[in-house]
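Undergrad: Below you'll find the structure I mean.
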């Protein structure tokens with residue numbers, strides 16, 4: 001359904017898992033919905049997605065495409081393939097400025113805008129992100145088949161990763177000058193089963209997941225895990241005046257139990273609105289944001 005000169009009941013900004021899930025709830029409530037999709041899924045670098053019931057092990061892009069087809073089947077849904085560049089509160093709702101199109105008006109706004117990852121500055125890491133370098137063991141740990149797993153430290157959070165990952169394989173922590181474990185942390189990691197702690201700086205990543213240290217030693221790994229920093233992929237929440245909370249990897253949009261932000265009428269879901277990144281969680285979060293937005297149209 002093309003964009004027409006009308007007021008939408010809800011504008012969903014973000015056409016990935018959370019946004020599509022929110023749009024589906026609103027579409028099934030027979031509301032007029034506009035989905036604004038800039039086409040930049042956070043997990044676009046990953047080939048397959050895991051841990052999502054009914055879709056385990058399927059290509060991440062195929063899951064997103066199936067979601068788009070589900071939502072597009074509803075005639076009360078319109079699409080804009082491009083970015084939402086600005087938004088502001090207006091009469092009975094919000095005015096959203098679109099890239100390459102006229103502004104649109106929505107009574108409710110759902111932000112599923114996602115985040116972008118700022119990765120550690122290690123040569124060879126970025127091009128392996130989502131393929132052999134990961135951040136979520138629930139998404140990718142099982143496929144490493146209990147092999148050698150390296151953790152590329154980037155902050156104190158690396159201790160948390162080191163305590164988790166022995167369930168998935170034989171763990172080596174590369175501190176890389178970014179994390180100095182305390183004696184208590186070293187003892188806890190040893191008890192948990194962390195096999196080794198390497199404190200020589202990491203020079204680069206080669207092959208599939210081989211860690212090359214500054215002294216020339218090489219550690220072939222089945223896969224690597226690291227934490228980066230996350231940043232809002234869109235400025236809309238900040239421009240609308242939404243409050244943020246500080247998470248372990250970066251800010252996320254503050255929401256209540258119905259996924260409404262601190263700005264009445266603005267809802268948020270997915271990675272932009274929680275300190276976690278996972279397809280199954282994003283879909284659930286989007287569903288909550290969509291139903292929350294719909295119920296506010298009925299009950300205020």
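Taken together, the values in this text are just the output of simple stated rules run on the coordinates, not laboratory data. The structure presented is a predicted model; accordingly, all values stated were derived computationally and were not measured. Quick reminder, even Gly has a Cβ in these numbers, built from the backbone with ideal geometry, and neighbours come from all protein chains shown.
Undergrad: Would you please classify the overall shape of region 120-226 from the alpha carbon gyration tensor, given that a ≥ b ≥ c denote the square roots of the eigenvalues, rounded means a/c under 1.5, and beyond that prolate means a/b larger than b/c while oblate covers the rest?
TA: Note, shape of region 120-226 comes out oblate.
Undergrad: Turning to a different aspect of this structure: Place the peptides 69-75, 53-59 in order of packing, highest mean first, counting for every residue the other Cβ atoms within 10 Å and averaging per peptide.
TA: Put in order of decreasing packing, that is 69-75, 53-59.
Undergrad: With r as the distance between the Cβ atoms of residue 7 and residue 186 and R0 = 45 Å, compute the FRET efficiency 1/(1 + (r/R0)^6) and round to 0.05.
TA: For R0 = 45 Å, the calculated efficiency reads 0.15.
Undergrad: Continuing with this model, one more query. Do the sum for the chain: with -39,500 (n - 2.57) for every DSSP H run of n ≥ 4, divided by all residues, what is the mean residue ellipticity at 222 nm, to the nearest 500 deg cm²/dmol?
TA: Helix-only estimate at 222 nm: -7000 deg cm²/dmol.
Undergrad: I need to check one value: relative contact order of the chain, counting alpha carbon pairs closer than 8 Å and at least 6 residues apart, in percent.
TA: For the chain, the relative contact order is 22 percent.
Undergrad: Considering the values (1) 64, 34, 32; (2) 66, 41, 33; (3) 80, 75, 32, which represents Cα extents along the principal axes in Å as calculated for the structure under consideration?
TA: (1)
Undergrad: Among DSSP bridges having both ends in the chain, what percentage is antiparallel? Round to the nearest 5.
TA: 40 percent
Undergrad: Report the relative contact order of region 120-226, percent, no decimals, based on alpha-carbon pairs under 8 angstrom and at least 6 residues apart.
TA: For region 120-226, the relative contact order is 35 percent.
Undergrad: Helix 279-299: angle to the longest alpha-carbon principal axis of the chain, degrees 0 to 90, nearest 10?
TA: Helix 279-299 sits at roughly 20 degrees to that axis.
Undergrad: Then there's this: Rounding to the nearest 10 and keeping the result within 0 to 90°, find how far the Cα-based axis of helix 17-28 lies from the longest principal axis of the chain.
TA: On a 0 to 90 degree scale, this one is about 30.
Undergrad: Sticking with this structure for a sec: With the chain treated as a Gaussian network of Cα nodes joined by springs under 10 Å, which of 237, 87, 190 yields the largest mean-square fluctuation?
TA: Evaluated over the chain, the most mobile residue of the options is 190.
Undergrad: Give me the angle, in degrees from 0 to 90, between the Cα long axis of helix 60-72 and the longest principal axis of the Cα atoms of the chain, rounded to the nearest 10.
TA: 10 degrees
Undergrad: Let me ask you something else. How do 77, 171 line up, fewest other C-beta atoms within 10 Å first?
TA: Going from sparsest to densest Cβ surroundings: 77, 171.
Undergrad: Just want the ordering: 139, 242, from fewest to most Cβ atoms lying within 10 Å of their own Cβ.
TA: 242, 139
Undergrad: Say a paramagnetic label sat at a point 7 Å from the Cα of residue 102, along Cα to Cβ; which residues of region 55-89 have their backbone N under 19 Å from it?
TA: 77-88
Undergrad: Then there's this: Among 37, 245, 271, what is the fewest-to-most ranking by other Cβ atoms within 10 Å?
TA: Placing the least packed residue first, the sequence is 245, 37, 271.
Undergrad: I want to verify a result. In a Gaussian network model of the chain, Cα cutoff 10 Å, which of these has the top mean-square fluctuation: 160, 80, 50?
TA: Residue with maximal mean-square fluctuation among 160, 80, 50: 160.
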